[in-house]
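The values are calculated or read from the model by the stated rules, or taken from the named source; none is laboratory data. Predicted model, so just to flag it, every value in this text is computed and none were measured. Neighbour counts run over all protein chains shown; Cβ positions are idealised from the backbone, glycine included. All accessible areas refer to the heavy atoms of the entire protein, side chains included, with ligands and DNA or RNA removed. Shrake-Rupley method; radii C 1.70, N 1.55, O 1.52, S 1.80 Å.
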Amino acid sequence: MRWSKYFLQTVREVPGDAEAVSHVLLTRAGMMRRVAGGIYSLTPLGLRAHRKTETIVREEMDRAGALELELPILQPRELWEQSGRWERYARDEILFHLKDRRGGEYCLAPTAEEAVTTLVLSGVTSYRQLPVTLYQIRTKFRDEIRPRFGLMRGREFLMYDGYSFDADAAGLDRSYRAQDAAYRRIFERCGLEFTVVEADSGAIGGRDSQEFMVLAETGEDAVVRCGACGYGANLEKAETGRRPGVWDGETASKLEDVETPGKGGIDDVVAFLGITADRMIKCLVYETEQGFVVALLRGDLDANEVALKHALGVEHLALASEEEVEKATGAPVGYVGPHGLPSSVRVIADESVRGAVNAVTGAGRKDWHVRGLALDRDAKVGGWALFAKARAGDPCPRCGSPLAVARGIEVGHIFKLGTKYSEALGCVFTDEKGETRPAVMGTYGIGVGRTLASAVEQHHDADGIVWPLALAPFEIELVSLNAADAAVRDAADALYAELGAAGLEVFYDDRDERPGVKFKDADLLGFPIRVNVGGRSLKEGKIEVVARRDKSVRAVPRGEALAAVAALRQELAPLPLPAGGGRGEGQP
Ligand code: ATP
Ligand code: MG
């Protein structure tokens, strides 16, 4: 492809709304353009990289035995009502919905469990027809609260979504593992460094669930990992081993009031009384659809609200307002204590306050705290759970070694769904014994654009993108440094023809621009291999082969150009994949 005949404009300025490196670089490289928040056009160059990512996903899914199909994007409300998701998704406002001329309601699919389950139920009647894994790679729509980071969190985006149907749990396990292995190969081929972590199963209601995380500063997720045993989890889901309590081994002294005028916050009380925060019991008041809840945890820890929601079995959980706190507990914010709470509020405690004695906490009235509180003696706890947020340095729940916390981008998700949808929609089959059973399902997703953007997050430098070979829009950029010089132009043209004839993907910068401009653009575009044809080296019969990765230059005789390019390409190509899976760390 000749640049002079292509549609490509690189951009100097950084787009105003771009916070992520990938968003900046993909825009500056002329690969995407913003149309509206979370809605982008891909240029021909952008589409090439996007397609390469998509192709890798398709090849590996086909290899794993999954079957590609197409489900509608425009889906009727009735379908979503059968699973009960219309109301929830509409309430979360994630669903784009519209009406037709007759008043019928539709949504633009954010995912397609209902559609695929309906399709399978109309065709599958016997266990002999199972298992089957179906997938599509199609545009999804979600009215995200915060569309941002370009392709990373769009409102319209391309997603691989796969669905497995099995006769039993053991079958689901096999289908799930096949997807896990395919995911590892996919992200490996994309040149990504990733980690696989346990994920929260959320409101969708299922059991096992894992996320594929690309570690990067811009990641919106926090990932907890143990370097010693390989345990990894999304922070939302992460557990910890038991943290040693400050009160371990102490005997309880008596409860006494202390005046703490105007000291409502943990930090204020800690400073005022000259204690450490882990001496305190934090009382968080939440409102839920089941009424008010007081959650107790150690003063130095934060609540993981996802875990707390699960522990309480509620769907809605939000910190109560000042008025609500007083109404529910009788104490103002900052002075709530676990003792003397009205019996109408539910009290749940985190394991971090188990056995607490000599603790400091609110006295239940303004400007007063208590010290010497013994939780078992002085308060009534309705239930115990683990909902303190894991922190770096906390003990690993498996092996006790200190945990690390990093930022991650969720590029893929695999999920054992179970029978939630097959039961709701009636996707049943007859088993060997002639009994009717619901299919056991798994659901799987990969963001194509997000994967591409993650590759740029991991592979760039100060001058631009450094594409992994597999995702580069073009593998090679040929640059004629002086297009006005006939000798240079002829040599570059000939080389362009030669590389093309060898089946290589070449983007030829044949524009009439200064070398400085061309080099800047070449660095920004970041194709892995660059070939420079310039007047000076040409006089010596040489051309230059440059690796974008480290900008190392090899001057080679003109006649050996093709061989040198092929050798560098070989060097940059990912190693062949092991048969079973990829090399990503984390347990399957
Ligand atoms: P997130 O938590 O980031 O919102 P999710 O858990 O809602 O994502 P899934 O429903 O699991 O996402 O979707 C499967 C995959 O689709 C994700 O792993 C991600 O790669 C991709 N994806 C989800 N939402 C978006 C989006 N708004 N833009 C681009 N890709 C997305
Ligand atoms: Mg997810």
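If you go through region 411-426 and pick out every residue that is touching a residue at least 24 places away in the same chain (Cβ under 8 Å), out of contact with any Lys or Arg (no Cβ under 8 Å at 6 or more places or on another chain) and either among the charged types (D, E, K, R) or within 16 Å of ligand 2 (Cβ to nearest atom) (or both), you end up with 6. The residues of region 108-122 that are of a type outside the set (A, V, I, L, M, F, W, C) and closer than 13 Å to Gly426 by Cβ, listed by number, are Glu114, Thr117, Thr118, Ser122. Taken over region 13-49, the criterion of being out of contact with any strand residue (DSSP E or B) (no Cβ under 9 Å at 6 or more places or on another chain), outside any helix (DSSP H, G or I) and open to solvent by 50 Å² or more (accessible area, probe 1.4 Å) is satisfied by Glu13, Val14, Gly16. Being within 16 Å of ligand 1 (Cβ to nearest atom), of a type in the set (A, V, I, L, M) and open to solvent by 20 Å² or more (accessible area, probe 1.4 Å): is that true of Ile145 here? Judged against the criteria, Ile145 is a match.
For region 402-434, a residue qualifies if it is away from ligand 1 (no atom under 16 Å from the Cβ) and part of a helix (DSSP H, G or I), and the qualifying residues are Ser422, Glu423, Ala424, Leu425. Within region 132-157, the residues that satisfy the criterion of being of a type outside the set (Phe, Trp, Tyr), more than 16 Å from ligand 2 (Cβ to nearest atom) and part of a strand (DSSP E or B) are Val132, Thr133, Leu134, Gln136, Ile137, Arg138, Thr139, Arg148, Glu156. In summary, helices (runs of 4 or more DSSP H) completely within region 472-578 and bearing 3 or more residues that are within 25 Å of Pro44 (Cα to Cα) occur at 486-501, 515-525, 561-572.
Residues of region 390-406 that are modelled with pLDDT of 95 or more and either in contact with an Asp or Glu (Cβ under 6 Å, 6 or more places away or on another chain) or within 16 Å of ligand 2 (Cβ to nearest atom) (or both): Leu403 alone. Of the residues screened, Gly264 is not one that is on the phi > 0 side of the Ramachandran plot and at pLDDT below 95.
Of the residues Val269, Val293, the single one that is open to solvent by less than 50 Å² (accessible area, probe 1.4 Å), free of Cβ contacts under 8 Å to residues at least 60 places away in the same chain and touching a Lys or Arg at 6+ places or on another chain (Cβ under 7 Å) is Val293.
For region 97-131, the set of residues classified as more than 26 Å from the chain's Cα centre (by Cα), assigned to a strand (DSSP E or B) and surrounded by fewer than 19 Cβ atoms within 10 Å (Cβ to Cβ) consists of Leu98, Lys99, Glu105, Ser126, listed by residue number. Just one of the listed residues (Val545, Val517, Val531) is out of contact with any Gly (no Cβ under 9 Å at 6 or more places or on another chain), farther than 25 Å from Ala470 by Cα and open to solvent by less than 50 Å² (accessible area, probe 1.4 Å), namely Val517.
Taking the stated definitions as given, is Lys551 more than 30 Å from Val21 (Cβ to Cβ) and out of contact with any helix residue (DSSP H, G or I) (no Cβ under 6 Å at 6 or more places or on another chain)? Answer is no for this residue.
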